[in-house]
Amino acid sequence: MKQTNRSIVIVPFGGEIAEYLADVAESLYEQFGLPIRIEEDRGLPAFALDPVRQQYNSNVILKELLGSCPPGGLKILGITAVDLFSPIFAYIFGEAQFNGRGAVVSSYRLRGAGNNPDAKGCPPLVSRLEKECLHELGHTFGLRHCSDPNCLMHYSIGVECADRKFAFFCPACRDLMLWHMASDLFLKPC
Ligand SMILES: [Zn+2]
Ligand SMILES: [Zn+2]
């Protein structure tokens, strides 16, 4: 299988998350086994700002990402520190195209209660961000929410930490993800 020419592309929107990108990339590589490319920072996504809500529309950011996927990009993941919403939710940690190409994640709400990144008992922000990125990319690889509370695809939100507790796909999700990845790699030219 020719996997080496297909990569997961990370697109930073704003410098605030720059310090986390290398760790996120490593974590994505560990779970998906695909080359990871980090593109140049595109700056704050002002094009997606809703002037009334003073939040950023994740649908608009996704559309922008999908329109600018570089050759060889199998999946494209936008990462930002701005507050994201999608029209039916007050706020979101991230959004992904189910079985599609694009995902976007924000660190904004992952900082936890009181925006305190060092809240007692919470894992570091970078760890929360990694898990959120893995979860959203899991959706792009055809994974739905999983009933296994230990799985990355489990839909549970820690109230204190606003995070997901575990950093692994359960065996069933992992198998399904690999199956979808194989068909993506064969069938979807970039
Ligand atoms: Zn989800
Ligand atoms: Zn699972």
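A few comments on the model shown:
- Distant-in-sequence amide H partners of Ile38 (H built 1.01 Å from N, under 5 Å): Ile10
- For Asp83, the residues whose modelled amide H falls within less than 5 Å of its own, excluding neighbours fewer than 5 places apart on the same chain, are Tyr56.
- Per principal axis, descending, Cα span of the chain in whole Å: 47, 36, 31
- Distance distribution P(r), the range 1-55, all Cα-Cα pairs, bin width 5 angstrom from 0: 4, 17, 22, 17, 14, 12, 8, 4, 1, 0 percent.
No value in this document is a laboratory result; all are computed from the given coordinates. All values derive from a computational prediction rather than experimental measurement.
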